[in-house]
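What follows draws every value from the coordinates through simple rules; no lab data is involved. Quick caveat: nothing in here was measured; it's all calculated off a predicted structure.
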């Protein structure tokens with residue numbers, strides 16, 4: 001039965017580019033070239049990832065000083081935008097325009 005279906009079938013049933021029995025895409029030289037470039041790039045990435053720049057001892061806490069300096073810079077930048085202190089006497093000074101000790 002399967003052999004007769006293969007031999008007598010006129011084409012691919014339904015849409016030819018999707019589904020279980022889809023038409024196979026021809027593999028071009030560009031596809032092969034792109035796949036090779038992708039695999040070479042992946043191999044190079046694996047090579048560089050496998051060789052660490054620092055040892056485990058060097059890596060532990062290597063950026064602590066830089067992060068502390070960045071935090072201090074950030075704090076200072078936020079403090080310089082902070083408004084100055086305001087006192088209650090500054091808010092209520094306008095009430096003492098006519099008031100004197102003698103009256």
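In table form, for the structure just shown:
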quantity: Overall form of the range 41-103 per C-alpha gyration tensor (a/c, 1.5; a/b vs b/c); calculated: prolate
quantity: Selected from 30, 16, 56 as most flexible by GNM, with the chain as the system and alpha-carbon contacts under 10 Å; calculated: 16
quantity: Tilt relative to the chain, helix 29-50 - C-alpha long axis, 0 to 90 degrees, to 10; calculated: 50
quantity: Value at 222 nm in deg cm²/dmol, rounded to 500, when DSSP H runs of n ≥ 4 in the chain each add -39,500 (n - 2.57); calculated: -16000 deg cm²/dmol
quantity: Listed residues 67, 22, 51, most fluctuating in the chain (Gaussian network, C-alpha, under 10 Å); calculated: 22
quantity: Degrees between helix 64-80 axis and first principal axis of the chain (Cα, 0 to 90, nearest 10); calculated: 50
